[in-house]
Amino acid sequence: MRRSLVVGNWKMNMLISDATDWVGSLLGKPPFPETVEVVVAPPFTALAAVEERIRRSCISLAGQNIGPEPEGARTGEISAAMLKDAGCRFVILGHSERRQHFFETDAFISRKIGVALASGLGVIFCVGESLEERESEHTRQVIEHQLSEGLNGLDVRQFEGLVIAYEPVWAIGTGRTATPEQAQHVHRIIRDWARQAFGENSAENVRILYGGSVTPETSGPLTVQPDIDGLLVGGASLKSDSFYDIICSIK
Ligand code: PGA
């Protein structure tokens, strides 16, 4: 049985005071269903404050990025070991905003995945097609390419450290959520790919999240789908009320 997972990705939002208010408000609500694992990914500057406040709760922490080297002279970068040290269980890698605005290639992302896993950080690895790729019927090809390049060289044991997030680029921050059927179709493609690459057990155990304009209204119908194991939530995670409603709607 795959445990549902909901991840809040705050992106470049929230000052420390906003972050601590958010945690206070979320933890002040009735407990979440135990069947759902909850993770929040604050900006680096708020990690310590959030970590301190969620320490004895059921929420865990993720970072939003790392550099591709384990340590050294890389001014401005944050290493996988630093995120571990700050209390993170996961890091988000391969996000389309990093691919698009910071020109991250599959090969570069693959290096970062290797460094993260070697440091014992779980990786939330994002893949997704653009609108143009979907409309020209290249979705499967694009997703399989991102998977095979990004996860190039991993063995079965390393693959266990991964969560995969399907985030169609046309759905991120646009208010246009994929329908449950559209998302399920691609999640199945991803699980089938994992079966080919890493075997039946790995494919059955890997959690595949959907992300892209998820709201409390769309979250339930999405997670009813057999291959959708949880959600990666951007905009709707910035308000503790809507994030809480999403957690509670998970089927
Ligand atoms: P969104 O972002 O929910 O605001 O579309 C999702 C994401 O980019 O992870």
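The values are calculated or read from the model by the stated rules, or taken from the named source; none is laboratory data. Because the structure is a prediction, the values reported are computed rather than measured. All Cβ positions, glycine included, derive from the backbone under ideal geometry; neighbour counts span all protein chains shown. All accessible areas refer to the heavy atoms of the entire protein, side chains included, with ligands and DNA or RNA removed. Shrake-Rupley method; radii C 1.70, N 1.55, O 1.52, S 1.80 Å.
Distance from the C-alpha centroid of segment 190-251 to that of segment 20-83: 19 Å, rounded to the whole angstrom.
Translational diffusion coefficient, Stokes-Einstein: compute it for segment 175-232 using the Kirkwood radius over C-alpha pairs as Rh, at 37 °C and 0.692 mPa s, and state it as an integer in µm² s⁻¹. Working shown, then result.
Working: Rh = 11.6 Å.
Estimated via Stokes-Einstein, D reaches 283 µm²/s.
Summing Cβ point charges (Lys, Arg +1; Asp, Glu -1) relative to the Cα centre of segment 4-249 gives a dipole of roughly 480 debye. Among the GluC sites (Glu not before Pro) in segment 10-51, those placed in a DSSP loop whose Cβ has at most 15 other Cβ atoms within 10 Å are Glu34. Between the amide H of Leu231 and those of Leu5, Val6, Val7, Tyr210, distances stay under 5 Å, these residues lying 5 or more places away or on another chain, with hydrogens modeled in the peptide plane.
Can you give the percent of C-alpha pairs in segment 122-250 whose distance is more than 17 Å?
Numbers: 4549 of 8256 pairs.
Roughly 55 percent, rounded to a whole number.
Annotation for segment 1-77: chymotrypsin sites (Phe, Trp or Tyr not before Pro) lying in DSSP loop with at most 13 further Cβ atoms inside 10 Å of their Cβ do not exist. In summary, the aspartates and glutamates within cross-link reach of Lys29, defined as a Cα separation below 18 angstrom excluding same-chain residues under 8 places away, comprise Asp18, Asp21, Glu37, Asp241, Asp245. For the chain, the convex hull drawn through the C-alpha positions has a volume of 117 cubic angstrom per residue.
The convex hull defined by the C-alpha atoms of segment 90-134 has an orientation-averaged projected area of 3.2 nm². Heavy-atom accessible area with a 1.4 Å probe sorts Tyr166, Tyr244, largest first, into Tyr244, Tyr166. In the chain, helical runs assigned H by DSSP with n ≥ 4 each contribute -39500 (n - 2.57); averaged across all residues and rounded to the nearest 500, the mean residue ellipticity at 222 nm is -12500 deg cm²/dmol.
In segment 129-189, Rg over Rh equals 1.01, where Rg is the alpha-carbon radius of gyration and Rh the Kirkwood radius from pairwise Cα distances. Both the radius of gyration and Dmax for segment 29-121 are 14.3, 46 Å, in that order, over alpha-carbon atoms.
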